[in-house]
Amino acid sequence: MLAGAGRLGLLRGGHLCWLLCAFTLKLCQAEAPVLEEKLSVSTSTSPCWLMEEFVVTEECTPCSNFQIKTTPECGSTGYVEKIACSSSKRSEFKSCRSALMEQHLFWKFEGTMVGVALVFACLVIIRQRQLDRKALEKVRKQIESI
């Protein structure tokens, strides 16, 4: 048996491990929507809820097809709430995260983690069996040489 020949299987497993880690990271990044709200310097175009107190007049609801096309606040999460600013008396929409969406993302993440755990558990079992076979082969060769 060549020196280091047994390490080849370990290297392949290492590459597989890094590949699975990278895939999982990409999957988690793709699933988590990033809240992208543009803040501008001028006070006339910035939302009133950034600078003053506000009251939520309508709870967080999913955007309609029309709102998705016309309201920029719907773009980041797909949910909006209507707010009323106290000082300026303006009524605006504000992007929000609904409990249902958060629950869906949580269970998607949990499912992904269970899947990754199962994959790595299988890899551990396979590697343990390989090591057991090698140990038995070494013992067998030592017994034959006596």
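The values are calculated or read from the model by the stated rules, or taken from the named source; none is laboratory data. Predicted model only: the values in this text are computed from it and were never measured. Note that each Cβ is placed from the backbone with ideal geometry, even for glycine, and that neighbours are counted across all protein chains shown. Heads up: the accessible areas ignore ligands, DNA and RNA and are worked out on the full protein's heavy atoms, side chains in. Shrake-Rupley method; radii C 1.70, N 1.55, O 1.52, S 1.80 Å.
In the stretch 98-110, is there at least one residue being touching a strand residue (DSSP E or B) at 6+ places or on another chain (Cβ under 7 Å), within 30 Å of GLN67 (Cβ to Cβ) and not in a helix (DSSP H, G or I)?
yes
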Q) In this structure, is SER95 in contact with a strand residue (DSSP E or B) (Cβ under 8 Å, 6 or more places away or on another chain) and either open to solvent by less than 70 Å² (accessible area, probe 1.4 Å) or among the basic types (Lys, Arg) (or both)? A) yes
Q) Within the set of pairs 6+ apart or on separate chains, which have a first residue in the stretch 93-115 that is of a type in the set (Ser, Thr, Tyr), a second that is in a loop (DSSP other than H, G, I, E, B) and open to solvent by less than 70 Å² (accessible area, probe 1.4 Å), and C-beta atoms under 8 Å apart? A) SER95/GLU73
(Q) Looking at the stretch 100-121, can you tell me whether even one residue there is open to solvent by less than 70 Å² (accessible area, probe 1.4 Å) and modelled with pLDDT under 85? (A) yes
Q) Tell me, which residue of the stretch 50-63 that is open to solvent by less than 50 Å² (accessible area, probe 1.4 Å) and within 29 Å of the chain's Cα centre (by Cα) is farthest from CYS96 (Cα to Cα)? A) CYS63
**Q.** Tabulated pairs, the stretch 70-86, first under 15 Å from LEU50 (Cα atoms), second in a strand (DSSP E or B) and β-branched (Val, Ile, Thr), C-beta under 6 angstrom, 6+ apart or interchain
**A.** GLU73/VAL80; GLU81/VAL56; LYS82/THR57; ILE83/VAL56; ALA84/VAL55; ALA84/THR57
